[in-house]
Amino acid sequence: MLDIERTVTYPIEKAVSAVSDVKFVESKSRQGLSTVRVWMNWGADVNNGQTEVIQRIQQILNSLPTGIKQPFIVRFDLSNLPVVLVTASGGGLDERQLYDLAYNTIEPQLERLGGVASASVDGGRVRQITVNLNRDQLYAKGLSILDVVRVVNDANFLLPAGDMKSGRRDYNLYTNNQFKLVQPMEDIVVRNVGPNLTPIHIKDIGRVDDSYETQTSIVRIDAERGVVLNVNKQPGANTIAVVDQVRMLLPKLIGVPPGVKIGVTLDQSIYIRQAIESLWHEALQGSTLAFLVILVFCAR
């Protein structure tokens, strides 16, 4: 934490603080992540401010620690807030299965709707194939972790292999060596040793598990495990129209197993509808009063 603050957060804070029309800068640092927020004065040109922030960050990139990812700079916009949150739970599915359902089945159907920019998934568990190595076995066989990383990458690939012409059609061909099952990964040969070139497999120095990434987001819906999809609209799209399309699609989703409950937990269009209804009410009251005033004067 202190290292992130000293080597990443502080240099970025110092750089962006010199941007014109900055009101104040705040930051949060945790293991492996630094978040810096720049608040501009009221009336400042945010577009110019963002450009200047990018320029300031580019100037200090060489002074940041080696190996960090390129800083991601984004301007806050109300369109970044989700207009509706779609939830999925139940059906006897665990959190990994719910995440796969939301990411591979529900999200693509939502993103095909007009006006929808994205439908990112929160909660659940993301599938991850983990290679657990035995340190003592690695040392005994003269291997390193990088040796295992290299052979796994080399054995799991999708390689273009030319094309095939058939009549007026031209087909792309690929050599697909990507693993579909976990068990064959344990048979990957890391190195051949000895005079007889005896192979050392991954199963000789560890094991391969079909597991999941470290869970950083937990969603519970009526005390049940679940996931939520944050549906964002495209800039300029009508919020009410987008929400109406989402609500119409939910009962018609394809590929959702029986028993899975799909619902809506947040709907930004409610406030807009209430505001419009209030405007109509006020307009009706105003026109009625104006008519009565005119009627009174005409009666006199």
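Taking segment 8-28, which residues are touching a helix residue (DSSP H, G or I) at 6+ places or on another chain (Cβ under 9 Å) and in a helix (DSSP H, G or I)?
PRO11, ILE12, LYS14, ALA15, VAL16
Suppose we filter LEU289, LEU284, LEU253, LEU279 for residues that are surrounded by 10 or more Cβ atoms within 10 Å (Cβ to Cβ) and within 27 Å of GLN215 (Cβ to Cβ); which single one remains?
None of the other options fit; the residue is LEU253.
Quickly run through segment 210-237 and pick out the residues that are in contact (Cβ under 8 Å) with a residue 40 or more places away in the chain, of a type in the set (S, T, N, Q) and more than 19 Å from LEU250 (Cα to Cα).
SER211, GLN215, SER217, GLN234
Tell me which of these GLN59 doesn't satisfy, since it passes every other one: (1) over 30 Å from VAL219 (Cβ atoms); (2) without any contact (Cβ under 8 Å) to a residue 40 or more places away in the chain; (3) not acidic (Asp, Glu).
Among (1) over 30 Å from VAL219 (Cβ atoms); (2) without any contact (Cβ under 8 Å) to a residue 40 or more places away in the chain; (3) not acidic (Asp, Glu), GLN59 violates only (2).
Collect the residues in segment 47-80 that are farther than 30 Å from THR239 by Cα and among the hydroxyl-bearing types (Ser, Thr, Tyr), keeping them in residue-number order.
SER63, THR66
Does GLY286 meet the test of being within 22 Å of the chain's Cα centre (by Cα) and either free of Cβ contacts under 8 Å to residues at least 12 places away in the same chain or assigned by TED's automatic domain parsing to the domain that holds LEU113 (or both)?
So GLY286 does not fit the description; no.
Can you pull out the residues in segment 218-237 that are within 17 Å of SER118 (Cβ to Cβ) and either of a type outside the set (A, V, I, L, M, F, W, C) or at pLDDT 85 or above (or both)?
VAL227, VAL228, LEU229, ASN230, VAL231, ASN232, LYS233, GLN234, PRO235, GLY236, listed by residue number.
Which members of segment 187-236 meet the condition of being more than 30 Å from VAL256 (Cβ to Cβ), surrounded by 17 or more Cβ atoms within 10 Å (Cβ to Cβ) and of a type in the set (A, V, I, L, M)?
ILE188, VAL190, ILE200, ILE202, ILE205, VAL208
Take the residues in segment 21-71 that are surrounded by fewer than 15 Cβ atoms within 10 Å (Cβ to Cβ) and of a type in the set (Gly, Ala, Ser), then tell me which one is farthest from THR9 (Cα to Cα).
So the residue we want is GLY43.
The values are calculated or read from the model by the stated rules, or taken from the named source; none is laboratory data. Since we're looking at a predicted model, the values are computed, not measured. Virtual Cβ from ideal backbone geometry, glycine too; neighbours counted across all protein chains shown.
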